[in-house]
Structure formats: structure tokens, C-alpha cells
Amino acid sequence: MNQPIHLHVWGDLACFTRPEMKVERVSYQVITPSAARGLLEAILYKPQFRWRIHRVAVRRPVRFLAFRRNEVKSKAAARNPQPILAEEDRTQRNTLALRDVDYVIEASLELTSLANRPRGRPHGEGEPAGDDNIGKYYGMARRRIENGQCFSQPCFGCREFPAHFEPTDADAMQVPAGLNPDADLGLMLYDVFDLDVLYSGEKAQARPQATFFRARLENGQMKVPTWSEVKKQLGGVP
């Protein structure tokens, strides 16, 4: 593992919806790897690398909060979007969310097949010129985290549940004993895409594919397996 980044994130509410729930929103007990990756991508994203989640430390007791909220049943079209009349398209749904969440995410960077390939656009603002390498993107991520910069507001599963963040170190991964008992969290969503990304020319195309792993909370931490380990569990080729 290359040099990891430790990110302290917290917020009032979170909902990492279980995909087996068709209508109502019921959250997992802990943030999922895909949600943690999306949170980091809100701070820094480049097609030349991807975030790899290693561990998540749960720094507050797992507590749920049930409430009902209004949602619209339709989805705005990407092309020729038409306004949605909320009064006519509204429905009430129950949500079982997490409250007062506090995590430390340990992650690292991995270069993708797009690294050091010709670009259709010049380097963005704040990105040093030169070859694509882990050190360059690591420095960019650290600077953005320390300055509180993000491309979009990080959130805990839903846009209305914002996530606050700050830099921290490996010592913050240590959780007081007894805060949350060790528990088998069951099958947890690993990611919603096939991470063996297919490339067509200059455009990356990831096939939608939900994958799961056996999650467990031990000593206040949830360890996240590598993608190759998950593929082995699924019977794929490592």
C-alpha cells in the first residue's frame, strides 16, 4: 500500500441505503466503501487515478433515527429536462437513517489505465504539469483536504445529509474499547460498478454491477478487502 490518506468525516445524519430495500430507505450500520469513495471523489477526482478504501474507523456509537419525508417519484431527464410538479408527483417514504456519525477513512490512490495517456484537455487548475504519478495526486489531495476544498459538497449517502471533513492521521483510527461491540455486519455493498474498467478510446466506461463483501466490525474498525479479493469471493479471475 502506498502512503495512505486519513480523512476525518462527520455529520448529523447519514443513509447508506441497502439495495435490497425496494421502496423504503434503510441504512447500513456503517458507511459503505462505495460511499466513502464517492465522498473522497467529491474532494478530488481525476480519471487518471481512483481511490482505494482500506479501513473505516467508527468513532461514535451506531444509532438509528426513523422519520418520514416527501420525495418525488419521477426522475428528471438528462436530455430535454421537463419541470417536475412536486405537488402532483410527491410521495411519502420512510427512512431509517444513522444519526451523529463520525468516521475516519483510510484510503490510498491507485493509477488507472488512463494515467500518462494523451489528454483531450489541458491540466486543470491546481494540477502540476508533468507525468501522472501517485506523488502528484497525493499532494493535490492533501492540499485540498487541508484547505477544505471540494468540487461538490461531500455527503453521507443523500445530498441532504452533508459531510464535514478535515485532515487527520493514523492515530485517529484507534477507537475507545467498548464504543461499539464487535459484530458481523453481513453482506455489504462494495461498489455499484465493475472496477475492471473498460476503456474505449479516451473515454472510460464502467459497467454497472453491484458487488458485495462480508463486512465485520472489530475493535471499532471495518476492514475493506481489495477488489481482487472480492472477485475471488465471486468466483472471478483475480
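Of the numbered conditions (1) modelled with pLDDT under 95; (2) within 27 Å of H164 (Cα to Cα); (3) surrounded by 11 or more Cβ atoms within 10 Å (Cβ to Cβ), M21 satisfies every one except a single condition; which is it?
In the conditions (1) modelled with pLDDT under 95; (2) within 27 Å of H164 (Cα to Cα); (3) surrounded by 11 or more Cβ atoms within 10 Å (Cβ to Cβ), M21 misses (2) alone.
In region 47-69, how many are part of a loop (DSSP other than H, G, I, E, B) and within 15 Å of the chain's Cα centre (by Cα)? Walk me through how you get there before you give the answer.
Narrowing region 47-69 to residues part of a loop (DSSP other than H, G, I, E, B): 47-48, 59-63.
Checking the rest, the ones that are also within 15 Å of the chain's Cα centre (by Cα) come to none.
Total satisfying the criteria: 0.
When the residues of region 192-205 are narrowed to those that are over 16 Å from the mean Cα position of the chain (by Cα) and part of a loop (DSSP other than H, G, I, E, B), which ends up modelled with the lowest pLDDT? Step through it out loud before you land on a result.
Taking region 192-205 first, the residues over 16 Å from the mean Cα position of the chain (by Cα) are 196-205.
Cutting the leftovers down to part of a loop (DSSP other than H, G, I, E, B) gives us 196-197, 201-202.
Numbers: D196: 69, V197: 59, G201: 39, E202: 47.
Restricting to residues being over 16 Å from the mean Cα position of the chain (by Cα) and part of a loop (DSSP other than H, G, I, E, B), the top hit is G201.
Of all residues being touching a residue at least 60 places away in the same chain (Cβ under 8 Å), of a type in the set (D, E, K, R) and farther than 30 Å from D194 by Cα in region 50-92, which is surrounded by the most Cβ atoms within 10 Å (Cβ to Cβ)? Just the residue, please.
So in region 50-92, the residues touching a residue at least 60 places away in the same chain (Cβ under 8 Å) come out as 50, 52-62.
With the extra rule that they be of a type in the set (D, E, K, R), the set shrinks to 50, 52, 55, 59-60.
Filter again for farther than 30 Å from D194 by Cα, leaving 59-60.
Details: R59: 20, R60: 16.
So, considering only residues that are touching a residue at least 60 places away in the same chain (Cβ under 8 Å), of a type in the set (D, E, K, R) and farther than 30 Å from D194 by Cα, the one surrounded by the most Cβ atoms within 10 Å (Cβ to Cβ) is R59.
Yes or no: E106 under 24 Å from F156 (Cα atoms), surrounded by 12 or more Cβ atoms within 10 Å (Cβ to Cβ), acidic (D, E) and under 19 Å from the mean Cα position of the chain (by Cα)? Walk me through it before giving the result.
Numbers: under 24 Å from F156 (Cα atoms): yes; surrounded by 12 or more Cβ atoms within 10 Å (Cβ to Cβ): yes; acidic (D, E): yes; under 19 Å from the mean Cα position of the chain (by Cα): yes.
In short, yes.
Do any residues in region 115-134 that are in a loop (DSSP other than H, G, I, E, B) have Cβ atoms under 6 Å from those of residues that are among the charged types (D, E, K, R), where the two are at least six apart or on different chains, and which pairs are they?
Hits for this filter: A115/D132; N116/D131; N116/D132; G120/E202; P128/K136.
Go over the candidates R69, R59 one by one and state the one that is of a type outside the set (F, W, Y) and at pLDDT 95 or above.
Working: R69 fails: at pLDDT 95 or above.
When all the criteria are applied, what remains is R59.
Is it fair to say A36 is buried (at least 20 other Cβ atoms within 10 Å of the Cβ), in contact with a helix residue (DSSP H, G or I) (Cβ under 9 Å, 6 or more places away or on another chain), at pLDDT 95 or above and among the aliphatic types (A, V, I, L, M)? So that I can check it myself, show each step before the final result.
Working: buried (at least 20 other Cβ atoms within 10 Å of the Cβ): yes; in contact with a helix residue (DSSP H, G or I) (Cβ under 9 Å, 6 or more places away or on another chain): no; at pLDDT 95 or above: yes; among the aliphatic types (A, V, I, L, M): yes.
Answer is no for this residue.
The values are calculated or read from the model by the stated rules, or taken from the named source; none is laboratory data. Small disclaimer: the values here were computed from a predicted structure and weren't measured. Cβ atoms come from the backbone with ideal geometry, glycine included; neighbour counts cover every protein chain shown.
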